[in-house]
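The values are calculated or read from the model by the stated rules, or taken from the named source; none is laboratory data. Quick caveat, the model's predicted, so the values are computed rather than measured. Every residue, glycine as well, gets a Cβ built from its backbone with ideal geometry; the counts of neighbours run over all protein chains shown.
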Amino acid sequence: MNPYIVKSDLRFNDLSVDRATAAKRFGGGVIAGRRWLIRALSFLSTAIFATTLEATDNISVLGNKPRWNVLEHYQQTITRDEFAHLVNDVYGTQGFAPDLIEIKGDAARILINRDAQKFFTLRFAGSKEEQKNVPRLWRPAKSLPSAGPDKPLAGLRIALDPGHLGGSWAKMEERWFQVGDSKPIQEGDLTLRVSRLLATRLRDLGGKVSFVRSTHEPATGKRPDDFRELARKILIRNGVPQPRAAVLDQTDPEKESTIRWQSEILFYRYSEIRRRAAQVNFRLHPDLVLCLHFNAEGWGDPNSPNLTDTNHLHMLVNGSYLAEELEFDDERFEMIRRLLSRAYDEELPLADTIALAMARETALPPYAYPTTHSTTKVGTSGYVYARNLLATRLYRCPVVYCEPYVMNSKDVFARIQAGDYEGSRNINGVDRKSIFREYADSLAEGLADYCSRACK
């Protein structure tokens, strides 16, 4: 996934605070390139959308006002100990202001609005035996009837989310590079190819498969020009009093300060992912979303990229929110709703199982984040991290975010150039399966392993 840098606050589709931290925080690999909006971007959105939100609402970029009354459905569905564990060990591992979430006796007090000193009270169940049923549309694998060893995914609703856009949008997203006259590497095209192979595998195993993205076209109806005014205001707020309209070229050192560059980010990172979330939550209603990506190390000039010997694999699940992210009312609400849905109970063992299956097939080592400032290592496989990404936070079901392969590694580059094929071919002196089939087959195997055990 990540060939570039960001200075902003919403991670996957968020941004990072500095090059050193951002480089490994944006889904993996050294990131080199885009995004500038730092935290003030999100604060600015409150002022910009003041016509639709109360003046005191503190909402992240293009976010929605939280519906705190929804949490009433979760009263007495969780014990104090489980709530405290999830807050302290999964979602709030980076720390947060003490008034945001206070656990007191048989209830938690959650901040709704600091200016108004308004709070939501979540009442705990007295014991596990007294817990009420958790309201949710997705179904854990263990709740599905066993359908036999040949159809371990029978009845499971799986949504495939091929990361990014590809096609004519790839250069805008900076998910593109080319070595000489070779075929360009475009992450959005690669993930779409994998998703089509994967869909066939999963359906053969009994799964009900849908696509969050099935073409190169964006899910959102918005385009960069729709965000020009917002981009201009963001830049002014960030100390650029007279922002330039256009980017001169990709080597332009001031491109991050242009209206065009910022409006493109608002389009493909924020608007696009929020629209995909709406499809998942209100149209597809899956039991699980698999977000498909390829990783990257810094490749420098995309027209003359650096190729590396480095290659690795990791998985992401939602968690490890930054303290400043939890200051936003909508992110805090989304975290609490996700916590109460118990998505983590499903997605962590699933991510561990898939990671181990992919590791067996690919022989890739686990990726290691250089710091713990944005992620928390979780699970038992050694391949899974918790991290607050926009997609994993907004999709209201378990989400496994896959980050195998370094696109600009010498080995992966050669395998991508070889294309898709049946059987094996000699790549760099080694007989290898098509990288696309290896990705799809190993992921399907991991999911089947998990469901086979869960349904027993």
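If you take the residues of segment 415-428 that are in a strand (DSSP E or B) and in contact with a strand residue (DSSP E or B) (Cβ under 8 Å, 6 or more places away or on another chain), which of them is surrounded by the most Cβ atoms within 10 Å (Cβ to Cβ)?
Arg425
If we keep just the residues of segment 165-216 that are surrounded by fewer than 23 Cβ atoms within 10 Å (Cβ to Cβ) and among the hydroxyl-bearing types (Ser, Thr, Tyr), which is nearest to Thr308 (Cα to Cα)?
Among residues in segment 165-216 that are surrounded by fewer than 23 Cβ atoms within 10 Å (Cβ to Cβ) and among the hydroxyl-bearing types (Ser, Thr, Tyr), the one nearest to Thr308 (Cα to Cα) is Ser182.
Has segment 429-448 got at least one residue that is touching a Phe, Trp or Tyr at 6+ places or on another chain (Cβ under 6 Å), crowded, with 22+ Cβ neighbours inside 10 Å and over 30 Å from Leu86 (Cβ atoms)?
Yes: one or more hits.
Please work out which residue is farthest from Asp115 (Cα to Cα), limiting yourself to segment 59-76 and to residues that are crowded, with 16+ Cβ neighbours inside 10 Å and more than 23 Å from the chain's Cα centre (by Cα).
Ranking the qualifying residues of segment 59-76, first place goes to Tyr74.
Please state which of the following conditions Glu256 fails to meet, knowing it meets all the rest: (1) charged (D, E, K, R); (2) at pLDDT 95 or above; (3) buried (at least 19 other Cβ atoms within 10 Å of the Cβ).
(2)
Touching a Ser or Thr at 6+ places or on another chain (Cβ under 7 Å), polar (S, T, N, Q) and either over 23 Å from Trp299 (Cβ atoms) or not in a strand (DSSP E or B) (or both): is that true of Ser195 in this structure?
Criteria not met by Ser195.
Looking at this structure, is Tyr383 surrounded by fewer than 24 Cβ atoms within 10 Å (Cβ to Cβ) and within 30 Å of Glu324 (Cβ to Cβ)?
In short, no.
Just checking: which of the helices (runs of 4 or more DSSP H) contained wholly in segment 316-414 hold 1 or more residues that are among the polar types (S, T, N, Q) and more than 25 Å from Ser442 (Cα to Cα)?
329-341
What about Gln262, is it of a type in the set (S, T, N, Q) and either surrounded by fewer than 18 Cβ atoms within 10 Å (Cβ to Cβ) or touching a Cys at 6+ places or on another chain (Cβ under 8 Å) (or both)? Break it down into steps so the answer makes sense when it comes.
Values: of a type in the set (S, T, N, Q): yes; either surrounded by fewer than 18 Cβ atoms within 10 Å (Cβ to Cβ) or touching a Cys at 6+ places or on another chain (Cβ under 8 Å) (or both): no.
Taking the combined requirement at face value, the residue does not satisfy it.
Scan segment 125-134 and give yes if some residue there is touching a residue at least 60 places away in the same chain (Cβ under 8 Å) and closer than 14 Å to Ile336 by Cβ, otherwise no.
Yes, because at least one residue in segment 125-134 is touching a residue at least 60 places away in the same chain (Cβ under 8 Å) and closer than 14 Å to Ile336 by Cβ.
Please specify each residue of segment 157-192 satisfying the condition of being assigned to a loop (DSSP other than H, G, I, E, B), farther than 17 Å from Leu292 by Cβ, touching a residue at least 12 places away in the same chain (Cβ under 8 Å) and of a type outside the set (Lys, Arg).
Glu174, Gln178, Val179, Ser182, Pro184
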